[in-house]
Amino acid sequence: MQLSEQILALETTLMQFATEFQQLAEQVQKLEEENERLRQQLSPEELSTAKGLGGGQEALAKLYDEGYHICPANYGREHQGGCIFCQEVLSRVTK
Ligand SMILES: [Zn+2]
């Protein structure tokens, strides 16, 4: 492969990255909006008072499983697993 071809290939790869990055950014934007919407629908205070009404703790556990914080400090943000505050919230609502 000649240098000019290599550069061309590199440019193509970079363009693809740029496109993918753009798509990712749009996805993140959508998720942020969705999070905001969900956050307004379900505040942690509402969820803790809803305990025993059914559904609430399941929704929380599901949200946590899907990778979102359910603890008040980071509610609705993505977690990388093992947030002790989320686990505390979960253990409280599932008792
Ligand atoms: Zn958390």
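The values are calculated or read from the model by the stated rules, or taken from the named source; none is laboratory data. The model shown is predicted, which means the values in this text are computed figures rather than measured ones. Neighbour counts are summed over all protein chains in view; Cβ atoms, including those assigned to glycine, are modelled from backbone coordinates with ideal geometry. Keep in mind that these areas ignore ligands, DNA and RNA; they rest on the heavy atoms of the full protein, side chains included. Shrake-Rupley method; radii C 1.70, N 1.55, O 1.52, S 1.80 Å.
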Which residues, taken from segment 47-65, are at pLDDT below 80 and open to solvent by less than 100 Å² (accessible area, probe 1.4 Å)?
-> Leu47, Ser48, Ala50, Gly52, Gly54, Gly55, Gly56, Gln57
Filtered residues of segment 63-81 (kept if in contact with a Ser or Thr (Cβ under 9 Å, 6 or more places away or on another chain) and more than 8 Å from the ligand (Cβ to nearest atom)) | Pro72
Counted residues, segment 66-80 - those being over 24 Å from Gln29 (Cβ atoms) and either of a type in the set (Gly, Ala, Ser) or loosely packed, with under 11 Cβ neighbours inside 10 Å (or both) = 0
